[in-house]
Each structure stands twice: as structure tokens, then as C-alpha cells.
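*Asks:* The structure that follows is given in the form of C-alpha cells.
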Amino acid sequence: MDCIRTLQLLLLLTASGAAAAGQPLDTRGHDPDRTHYLAPRADIAPEIDGIADDEAWMTADWRPIDNIWLGGPLDAGDFQGRYKLVWTPQRLYLLVEILDDVLVDFHRDPLQQYWDDDCLEIFIDEDHSGGNHQYNHNAFAYHLSLDNQAIDIGTNRKAQHYNHHVTSKWRQTGDHVIWEVAVDVYDDQYSDSGANNQPVALHAGKIMGFMLAYCDNDRSELREHFIGSEHAAGDHKDRGWIDAGLFGTLELAE
Ligand SMILES: [Ca+2]
Ligand SMILES: [Ca+2]
Ligand SMILES: [Ca+2]
Ligand SMILES: [Ca+2]
């Protein structure tokens, strides 16, 4: 009996493994020409301290943050950014290198006009579904302020803290900001009022929606530029906070 069960299990695993490996990526619900990031697994999780000397980062590729979603042409001295991703079964890890000539946090209340202060925006769609995520948790858009707080809009349609989803730390090194973030990945069943939300376990082969953006303000009432890692076609480029179809593809590699 046990042998049969083992055999059945093996057949099931083989079948699902083959299907996953041979399956083309489902891009329905996404804009064309999304980037595809292959994130290596970290044997040892990076230390979130704003110092990029962790061994895990050595094997991951840099990708630029260079698509202007809001604002005019961008000076190289005004903003430049790039990022890397690695993962462990517990968390997703992000390294961002930013050059920004002026760092500002005009609104001390992190829930007030947070997108008009310098902030890093992390977009995660756990099941790569695409679709609307404005007032639901089909996807998350964490706005990380310079005081390392993570803000998104909840199902009550109000901005709120999701600080318990992230560990964030940045530090100035020369003329660059080095920003490290560890993120718990939650699926669309996440409940703002629930006490038992559990992050999903990550595994090799998992496909998620992901993109990154930076709101750059230096001296204005409203942010001067919004720069993202994905190309946004058309006039309405600032739509990632509503539409997960703009996100790129993140594949967790072994
Ligand atoms: Ca580090
Ligand atoms: Ca700037
Ligand atoms: Ca989703
Ligand atoms: Ca700035």
C-alpha cells in the first residue's frame, strides 16, 4: 500500500514538474514586453543594513530604473537607479542603488502625500495575475519613505502602514544611497483586519509580478519625477498603483 502511494506521489510530482517546466508563461492581463527577472536563491539571506557587501548579491543581475512615468527629461545628476533581487523560502530581498541629488521628506506624517516625498515604491503581485489592485490585495504597492515605513492603500480605501511586511534600511555611501529591503510576500487573501495572515513560502520556479519605482522630489510641492523599472505605454503612465498588468515578471531561480 505504501509503495503504491509513494509511486502515485512520484508520478504526481513528475507530472506537475514537467508541466511547470514546459508551460509557457501566461501573459494574459499584462502589457506586452514586460521585463523578466531571474532572481537567484540566497543560501544566506543578505543582512538588511544598507551595505551591499553580502555574498547573496554577487550572483544577481542589476536592472535599471529608467522609465520616466511622470516629469520631463531627466538629468543624470538628478536621478539614476538600479536594483537586484534574491530570495529565500521565507522572504524576497531587494538591493537598490540610487543617485538622487537632494533627499527630501517634506511631509513628516508618512500617511500624508507620501508619494510627493522621495520614496521607493515596490510592487508585488504574488500570483502574477495582473488586474486591478487599487483597493484590494490582488497586488501590493509598498511606498517606502525615507524613514523606512511601508505605506499602501488598504481595502478600506485608506492609506495605511504595512511596516510589518518589510524590513528596510538605507545608507549613503559616497554619492549613492544603498537601500536594502526584505519583504514578506502575501497573496490576495490577505486581510487588513485579520490576525492570522501568513506570508507565502517561496520556491524555485515561482512566478510573480514585480516592479520598482522611485518618486523623486527635490524642491517642489509635488514630486518632480516618477521613474519606474517597466515601460509604460500611452499617456497615462502612472497607473501601476492601480493596474498590476504593468508589472514585470519575477521568476525565482534555484
Ligand atoms: Ca547588507
Ligand atoms: Ca533628484
Ligand atoms: Ca494577484
Ligand atoms: Ca530627491
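*Asks:* Kindly list, by first and then second residue, each pair from a residue in region 215-228 that is closer than 15 Å to Glu121 by Cα and part of a loop (DSSP other than H, G, I, E, B) to a residue that is near ligand 4 (Cβ under 10 Å from one of its atoms) and open to solvent by 40 Å² or more (accessible area, probe 1.4 Å), limited to pairs with Cβ atoms under 6 Å and residues at least 6 apart or on different chains.
*Replies:* Cβ pairs passing all conditions: Asn217/Arg223; Asn217/Glu224.
*Asks:* Something else: Take the residues in region 182-206 that are among the aliphatic types (A, V, I, L, M) and open to solvent by less than 50 Å² (accessible area, probe 1.4 Å), then tell me which one is nearest to His133 (Cα to Cα).
*Replies:* Val185
*Asks:* Among the charged types (D, E, K, R) and under 28 Å from Asp31 (Cα atoms): is that true of Asp175 in this structure?
*Replies:* No; evaluated as a whole, the condition is false for this residue.
*Asks:* Away from ligand 1 (no atom under 16 Å from the Cβ) and without any contact (Cβ under 8 Å) to a residue 24 or more places away in the chain, is that true of Asp61?
*Replies:* no
*Asks:* (1) open to solvent by less than 30 Å² (accessible area, probe 1.4 Å); (2) out of contact with any strand residue (DSSP E or B) (no Cβ under 8 Å at 6 or more places or on another chain); (3) within 23 Å of Phe247 (Cβ to Cβ): which one isn't true of Val104, the others all being true?
*Replies:* The number of the failed condition is (3).
*Asks:* Among the candidates Pro24, Pro110, which residue alone is modelled with pLDDT under 95, open to solvent by less than 30 Å² (accessible area, probe 1.4 Å) and away from ligand 4 (no atom under 16 Å from the Cβ)?
*Replies:* One residue alone meets the criteria, Pro110.
*Asks:* Right, next: Restricting the search to region 186-204, which residues are closer than 18 Å to His161 by Cβ and of a type outside the set (Ser, Thr, Tyr)?
*Replies:* Passing the criteria: Asp192, Gly194, Ala195, Asn197, Pro199.
*Asks:* OK, next. Which of the following residues is without any contact (Cβ under 8 Å) to a residue 60 or more places away in the chain and charged (D, E, K, R): Lys158, Lys169?
*Replies:* Lys158
*Asks:* Answer yes if at least one residue in region 164-181 is away from ligand 3 (no atom under 16 Å from the Cβ), surrounded by 19 or more Cβ atoms within 10 Å (Cβ to Cβ) and over 17 Å from the mean Cα position of the chain (by Cα), and no otherwise.
*Replies:* Yes, region 164-181 contains at least one residue that is away from ligand 3 (no atom under 16 Å from the Cβ), surrounded by 19 or more Cβ atoms within 10 Å (Cβ to Cβ) and over 17 Å from the mean Cα position of the chain (by Cα).
*Asks:* Right, something else. Tell me, which residue of region 132-163 that is open to solvent by less than 30 Å² (accessible area, probe 1.4 Å) and of a type in the set (Gly, Ala, Ser) is nearest to the chain's Cα centre (by Cα)?
*Replies:* Ala141
*Asks:* Same structure, new question: Hey, could you check region 59-87 for residues that are of a type outside the set (A, V, I, L, M, F, W, C) and within 15 Å of the chain's Cα centre (by Cα) and say which is nearest to ligand 4 (Cβ to nearest atom)?
*Replies:* Looking at residues that are of a type outside the set (A, V, I, L, M, F, W, C) and within 15 Å of the chain's Cα centre (by Cα), I get Gly81.
*Asks:* Additional query: As an exercise: evaluate Val96 against (1) open to solvent by 20 Å² or more (accessible area, probe 1.4 Å); (2) outside any loop (DSSP other than H, G, I, E, B) and give the number of the one condition it does not meet.
*Replies:* (1)
*Asks:* Please go through region 60-87 and pick out each residue that is assigned to a strand (DSSP E or B), under 17 Å from Ala253 (Cα atoms) and open to solvent by 60 Å² or more (accessible area, probe 1.4 Å).
*Replies:* Of everything in region 60-87, just one residue is assigned to a strand (DSSP E or B), under 17 Å from Ala253 (Cα atoms) and open to solvent by 60 Å² or more (accessible area, probe 1.4 Å), namely Arg63.
*Asks:* Considering each of Asn132, Asn136 in turn, give the residue that is of a type outside the set (D, E, K, R), over 24 Å from Glu251 (Cβ atoms) and within 16 Å of ligand 3 (Cβ to nearest atom).
*Replies:* Asn136
*Asks:* So Phe123 passes all but one of these: (1) part of a strand (DSSP E or B); (2) open to solvent by less than 20 Å² (accessible area, probe 1.4 Å); (3) away from ligand 3 (no atom under 16 Å from the Cβ); (4) hydrophobic (A, V, I, L, M, F, W, C). Which condition number does it fail?
*Replies:* The number of the failed condition is (3).
The values are calculated or read from the model by the stated rules, or taken from the named source; none is laboratory data. Computed from a predicted structure; not experimentally measured. Because the Cβ atoms are built from the backbone with ideal geometry, glycine has one as well, and the counts that use them run over all protein chains shown. We work out accessible area using only protein heavy atoms, side chains counted, and drop any ligands, DNA or RNA first. Shrake-Rupley method; radii C 1.70, N 1.55, O 1.52, S 1.80 Å.
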